Structures are given as C-alpha cells and as structure tokens.
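Values quoted throughout were computed directly from the atomic coordinates according to the rules given, and no laboratory measurement underlies them. Computed from a prediction, not measured in an experiment: that's the story for all the values here.
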Amino acid sequence: MEMDSEYSFVFDSFDVDKHDVNFIFIDETEINVREAWLWVAYEPQLKAFLSFHISWHQNSLDAYYFIMKLVKKYGRKTVYTDGALWYVDAGRGRACGI
C-alpha cells in the first residue's frame, strides 16, 4: 500500500534525534477498529510525533509497554499525561510487578 504524500509529513516526524527530545506528552484514544486503542507520544517543542502504539486494552500493562518503548528509543525524559490511573501505575512499575 502506497502512502499518500499528503500525510507523509506525519511519518517523517517520527525520526527524531533522542538528544533533541526534552519531554514527551502521551495520550490514548479509542479508535473505531474493533474497540482498539491508539497511544501517541508527541514532543511539543519539536512539533514531532515520537511513536505510537495500538492495543486492544487501555490498561497499565499497555501504558508500561509504550513508555518502556519510548525510554529505549529516547532515554529517560519527563513525561506528561492526562493523569489516568494506568499511567500512574505504569510509571511506578506496578504494571509488571516491579
């Protein structure tokens, strides 16, 4: 499937040098695909999408997985969320019993 060039800027913005990332905003939303969840990470100063994750659940384990994926790619950064419980648990390592 060929990507429409009109939207290629979105995918180009995923290629960000980890040293340029100061902090990360994360949010999730339900998408109308069999009740899946889209998780998105965005760096507002760079106006760049950093990563996304699609899951069937909206829970601490998925939040933890997504955050760990970001840490692996960008290192430890300050993360801002909407304060939902799954982010709090994931940030404390409770998602995996840490």
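If the segment from Val40 to Val71 were pulled out straight at 0.36 nm per residue, it would be longer than the present Cα-Cα gap by 9.8 nm. The overall shape of segment 8-96 is oblate: from the C-alpha gyration tensor, with semi-axes ordered a ≥ b ≥ c, the ratio a/c is 1.5 or greater and a/b is no larger than b/c.
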